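Notes follow the structure.
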Amino acid sequence: MKARGQVNRIAGAVLGAIVLAAVATGCASTPSAGAAATLGSREIANDTVTSQVNEIQQQRGVQVGAADAALVTEVLQRMMITDLVDEAAVRNGVVVTQGQVDQAMSEAATQLGGKDQLISVFLDSNVPESAIPGQFQLSLQVEALGALLAPDADPNTRQQAVFGYAVDLGKELDVRVSPRYGSWVPDQLQLGPAPTDLSTPQAPQVDPLVGLVPSG
């Protein structure tokens, strides 16, 4: 289905299991108070993460405020990837219009049989209704960046090019994560386990056999 394809393409393009040989380097400091993560001048607030987690719970009809750690981690990781790709798009002059997003969403809803079905598909991937437009924008940005970074390449190679660019950009921006959410693994664009001592952030541990394919 087209909407599910959008979700899968986002994950495949940005978070796909591309095994990199380099060893990840951890961040030495944490975001400012009230921030879940910072990416250069961009900041993801704790309240923003909580708001999306609560929205997911409300849409699922479960008790708000009792989210499991895996859901919180996935929501924050998605937000961080979205910001990284958006920064990459800005730097490379990639512009996605609201009209393009609206058209893609409309086509997906039609394929699925309506807006409610579209919402359900994304909710299954832990994307609340309010974040759906951003995910279509992300998908379109990834496609455009792939064509720009590797114009003569096949889709697989384009995805790798976008992934590699995002990895390098994340290191340049000095991505930082509050230890309450885990630790950033830069070469995998993923959140790893939280430091054992929350007062002292630690370098993420990279296991080449674990955590290469995100759940989203």
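The values are calculated or read from the model by the stated rules, or taken from the named source; none is laboratory data. Please read all numbers here as calculations on a predicted model, not as lab measurements. As a convention, Cβ positions derive from the backbone with ideal geometry for all residues, glycine included, and neighbour counts pool all protein chains shown.
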* What number of residues within the stretch 79-116 satisfy the criterion of being touching a residue at least 40 places away in the same chain (Cβ under 8 Å) and in contact with a helix residue (DSSP H, G or I) (Cβ under 8 Å, 6 or more places away or on another chain)? -> 20
* Hey, any hits in the stretch 3-10 for a residue that's crowded, with 17+ Cβ neighbours inside 10 Å, part of a loop (DSSP other than H, G, I, E, B) and modelled with pLDDT under 55? -> no
* Structure fact -> VAL162 vs (1) over 14 Å from the mean Cα position of the chain (by Cα); (2) closer than 24 Å to VAL75 by Cβ; (3) in a helix (DSSP H, G or I): all pass except (1)
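Among LEU118, LEU148, LEU123, which is the only one that is modelled with pLDDT of 95 or more, more than 25 Å from THR38 (Cα to Cα) and touching a Lys or Arg at 6+ places or on another chain (Cβ under 8 Å)?
On the way: LEU118 fails: touching a Lys or Arg at 6+ places or on another chain (Cβ under 8 Å); LEU148 fails: touching a Lys or Arg at 6+ places or on another chain (Cβ under 8 Å).
From the options LEU118, LEU148, LEU123, the qualifying one is LEU123.
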